[in-house]
């Protein structure tokens with residue numbers, strides 16, 4: 001299957017990356033080349049094969065449900081582009 | 001006294017302990033080399049004061065007769081993908097320009113706790129996505145190597161750990177950290193005539209390492225010799241409760257276990273790694289490697305890894321899928337850059353921030369990943385890739401019933417000129433054809449130099465081992481190192 005300009009714009013929107021029309025047009029052949037190439041995987045017979053979920057068999061651990069961290073607000077906010085009154089600040093979300 | 005910057009990690013460690021030189025002398029010598037090598041652009045941030053601080057602590061401890069640490073007196077380079085407290089960490093991106101972590105990655109912390117000092121943060125491909133170090137926001141790293149015959153074309157140091165590979169081969173640091181998702185330690189090591197090992201997935205904690213593709217990302221050391229890799233890996237590896245995929249296993253004493261006697265070991269030669277049209281010099285290098293391992297006592301057997309040709313397309317679904325998810329965190333809210341156009345709302349801010357903060361290759365991979373995970377395509381692409389990945393891992397399991405390790409070339413060519421492959425993303429992806437399969441299967445794999453090609457550029461050999469059997473990988477690496485007698489080094493032009 002090949003993707004068109006509309007699809008590229010939709011992917012960009014889902015990816016939260018703004019693209020100009022010219023950028024989106026340039027991406028159509030690029031992404032089609034890559035997707036056309038990975039489509040060869042369709043020819044592999046995977047009957048009865050379970051998708052891999054863990055590279056090395058490793059049981060996920062559980063730990064005691066206890067507080068192990070905290071009281072680091074200033075450190076958490078230290079790299080924020082905009083922090084006010086101990087919060088991350090963002091542009092207005094609701095008018 | 002020989003030039004301090006020509007010494008290996010083991011020689012620095014032992015020479016410092018033996019009183020041949022002070023840790024400060026070593027740190028000053030490497031600091032001077034770093035400062036004089038701007039033309040290579042291997043470092044994003046230089047931290048000579050950190051190297052001196054660790055050196056002074058080592059000298060003081062020694063003078064006071066205190067017990068020395070495993071890496072006391074040894075300065076190293078840190079790939080700028082590891083978060084370092086108080087020192088800018090960018091993943092070579094504009095997105096994280098100015099980001100100064102308030103915490104230290106587990107792997108870097110282990111190295112500092114072991115006495116190592118930091119010479120600086122090493123350049124890389126942006127978010128570790130690339131094979132030539134041409135995607136860094138902070139400019140290309142230039143390989144110290146040049147083709148013979150007066151050809152001064154700037155060559156790729158490999159990627160993504162290209163700052164690490166360039167710095168080690170140019171003697172700016174005796175060793176460095178790398179990370180490897182699909183070959184990012186091994187391919188740059190091969191391009192610059194050094195060694196590097198990607199351990200078994202889960203050996204080194206991923207905590208505090210800027211994430212690319214979490215089921216593949218694995219940290220490892222890079223250095224000029226195999227012994228140095230064993231020394232560093234012992235410090236870097238180990239269980240970390242902060243990484244859910246960290247293996248809760250004791251760290252073997254790899255350095256003490258080093259032995260180039262391979263009697264009783266079987267080396268598998270996967271026939272699928274010798275496709276029609278394989279570069280003749282790569283093929284000849286591989287044959288020499290086979291002969292060296294035989295000479296070390298190993299028995300050689302042919303094996304088959306039938307799904308090898310599907311490894312790269314599998315990787316280029318799984319890695320971008322995981323990247324699109326991991327890089328969703330860069331939203332211009334919590335850290336990193338924010339781009340807020342006039343009158344923009346929250347959604348516009350996300351899109352503008354990510355458009356300005358990511359380079360073209362990173363955007364390409366995020367978008368591929370978003371597409372293969374999107375409704376209607378998930379099963380056809382992502383689930384299918386995870387199934388093929390299981391088959392690739394099974395190929396290795398079956399092969400390891402017949403042998404103890406595998407020997408292959410590291411990369412399909414020697415280093416190429418910067419700009420030569422940039423126009424075609426697919427041509428660039430093919431660099432990782434020999435390294436990606438072991439990444440998909442989570443296996444330990446190492447690159448060691450084998451010799452020079454006709455242009456005078458290094459070529460590497462790759463050893464792949466069973467899960468958790470880094471020792472056999474290192475031992476085979478040592479056997480090759482002893483027989484290859486690789487002493488070539490780039491002639492200084494920078």
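The values are calculated or read from the model by the stated rules, or taken from the named source; none is laboratory data. What you are looking at is a predicted structure, and each value in this text was computed from that prediction instead of being measured. Cβ atoms come from the backbone with ideal geometry, glycine included; neighbour counts cover every protein chain shown.
From the list A:77, A:14, A:62, exactly one residue is more than 20 Å from the chain's Cα centre (by Cα) and at pLDDT 95 or above. Which is it?
Working: A:14 fails: more than 20 Å from the chain's Cα centre (by Cα); A:62 fails: at pLDDT 95 or above.
The conditions single out A:77.
Looking only at residues in the stretch B:310-325 that are at the interface with chain A (Cβ under 8 Å from one of its Cβ atoms) and under 16 Å from residue B:396 (Cα atoms), which one is nearest to the chain's Cα centre (by Cα)?
Filtering first and then ranking leaves B:314.
So which of B:354, B:364, B:389 is surrounded by fewer than 20 Cβ atoms within 10 Å (Cβ to Cβ), touching a residue at least 24 places away in the same chain (Cβ under 8 Å), under 27 Å from the mean Cα position of the chain (by Cα) and assigned to a helix (DSSP H, G or I)?
B:364
Quick one: count up the residues across the stretch A:40-58 that are over 19 Å from residue B:245 (Cβ atoms), more than 8 Å from chain B (Cβ to nearest Cβ) and either part of a helix (DSSP H, G or I) or at pLDDT below 95 (or both). Full working, then the answer.
From the stretch A:40-58, those over 19 Å from residue B:245 (Cβ atoms) are A:40-49; that's our starting set.
If we keep only those that are more than 8 Å from chain B (Cβ to nearest Cβ) too, we end up with A:43, A:45, A:47-48.
With either part of a helix (DSSP H, G or I) or at pLDDT below 95 (or both) added as a condition, the list becomes A:43.
Total satisfying the criteria: 1.
Here are B:235, B:245: which of them is within 18 Å of the chain's Cα centre (by Cα), crowded, with 16+ Cβ neighbours inside 10 Å and in contact (Cβ under 8 Å) with a residue 24 or more places away in the chain?
Residue meeting the stated conditions: B:235.
Please verify whether the stretch A:51-63 includes one or more residues that are closer than 20 Å to residue B:309 by Cα and buried (at least 17 other Cβ atoms within 10 Å of the Cβ).
From the stretch A:51-63, those closer than 20 Å to residue B:309 by Cα are A:51-52, A:55; that's our starting set.
So of that shortlist, the ones also buried (at least 17 other Cβ atoms within 10 Å of the Cβ) come out as A:52, A:55.
There is at least one residue in the stretch A:51-63 that is closer than 20 Å to residue B:309 by Cα and buried (at least 17 other Cβ atoms within 10 Å of the Cβ).
Within the stretch A:7-38, track down each residue that is part of a loop (DSSP other than H, G, I, E, B) and more than 8 Å from chain B (Cβ to nearest Cβ). Don't jump to the end; show me each part of the working.
Quick first cut of the stretch A:7-38, residues part of a loop (DSSP other than H, G, I, E, B) only: A:15-20.
Across the stretch A:7-38, the qualifying residue is only A:20.
All but one of (1) more than 9 Å from chain A (Cβ to nearest Cβ); (2) crowded, with 20+ Cβ neighbours inside 10 Å hold for residue B:349; state the number of the condition that does not hold.
(1)
Being in contact with a strand residue (DSSP E or B) (Cβ under 9 Å, 6 or more places away or on another chain) and closer than 14 Å to residue B:439 by Cβ narrows it down to one of B:225, B:194, B:185, so name that one.
Details: B:225 fails: closer than 14 Å to residue B:439 by Cβ; B:194 fails: closer than 14 Å to residue B:439 by Cβ.
Within the list B:225, B:194, B:185, the selection yields B:185.
Within the stretch B:367-383, which residues are free of Cβ contacts under 8 Å to residues at least 12 places away in the same chain and either surrounded by 20 or more Cβ atoms within 10 Å (Cβ to Cβ) or within 8 Å of chain A (Cβ to nearest Cβ) (or both)?
Within the stretch B:367-383, the subset free of Cβ contacts under 8 Å to residues at least 12 places away in the same chain is B:371, B:374-380, B:383.
Within the stretch B:367-383, B:371, B:374, B:380, B:383 meet the criteria.
Quick check on the stretch B:142-157. Is at least one of its residues in contact (Cβ under 8 Å) with a residue 60 or more places away in the chain and not in a loop (DSSP other than H, G, I, E, B)?
Yes, the stretch B:142-157 contains a residue that is in contact (Cβ under 8 Å) with a residue 60 or more places away in the chain and not in a loop (DSSP other than H, G, I, E, B).
If you check residue B:335 against the conditions, is it within 7 Å of chain A (Cβ to nearest Cβ), within 16 Å of residue A:89 (Cβ to Cβ) and surrounded by 23 or more Cβ atoms within 10 Å (Cβ to Cβ)? Talk me through it step by step, then tell me what you get.
Values: within 7 Å of chain A (Cβ to nearest Cβ): yes; within 16 Å of residue A:89 (Cβ to Cβ): yes; surrounded by 23 or more Cβ atoms within 10 Å (Cβ to Cβ): yes.
Yes, satisfied.
Mind checking which pairs have a first residue in the stretch A:73-95 that is more than 7 Å from chain B (Cβ to nearest Cβ) and at negative phi and a second that is at pLDDT 95 or above and assigned to a helix (DSSP H, G or I), Cβ under 6 Å, 6 or more apart or different chains?
A:83/A:77
Conditions: (1) under 16 Å from residue B:194 (Cα atoms); (2) touching a residue at least 12 places away in the same chain (Cβ under 8 Å). Residue B:487 meets all but one. Number of the miss?
It fails just one condition, (2).
Looking at the stretch B:369-385 only, could you name the residues that are over 24 Å from the mean Cα position of the chain (by Cα) and assigned to a helix (DSSP H, G or I)?
In the first step, residues of the stretch B:369-385 are kept if they are over 24 Å from the mean Cα position of the chain (by Cα); the result is B:370-385.
Of everything in the stretch B:369-385, those that are over 24 Å from the mean Cα position of the chain (by Cα) and assigned to a helix (DSSP H, G or I) turn out to be B:370, B:371, B:372, B:373, B:378, B:379, B:380, B:381, B:382, B:383, B:384, B:385.
Condition first: at positive phi and touching a residue at least 40 places away in the same chain (Cβ under 8 Å). Now tell me which residues in the stretch B:324-351 satisfy that. Don't jump to the end; show me each part of the working.
Taking the stretch B:324-351 first, the residues at positive phi are B:332, B:336, B:343.
Within the stretch B:324-351, just B:336 meets the criteria.
For residue B:164, state whether it is away from chain A (no Cβ under 14 Å), within 13 Å of the chain's Cα centre (by Cα) and at pLDDT 95 or above. Show your work before the answer.
Numbers: away from chain A (no Cβ under 14 Å): yes; within 13 Å of the chain's Cα centre (by Cα): yes; at pLDDT 95 or above: yes.
For residue B:164, the condition - away from chain A (no Cβ under 14 Å), within 13 Å of the chain's Cα centre (by Cα) and at pLDDT 95 or above - is met.
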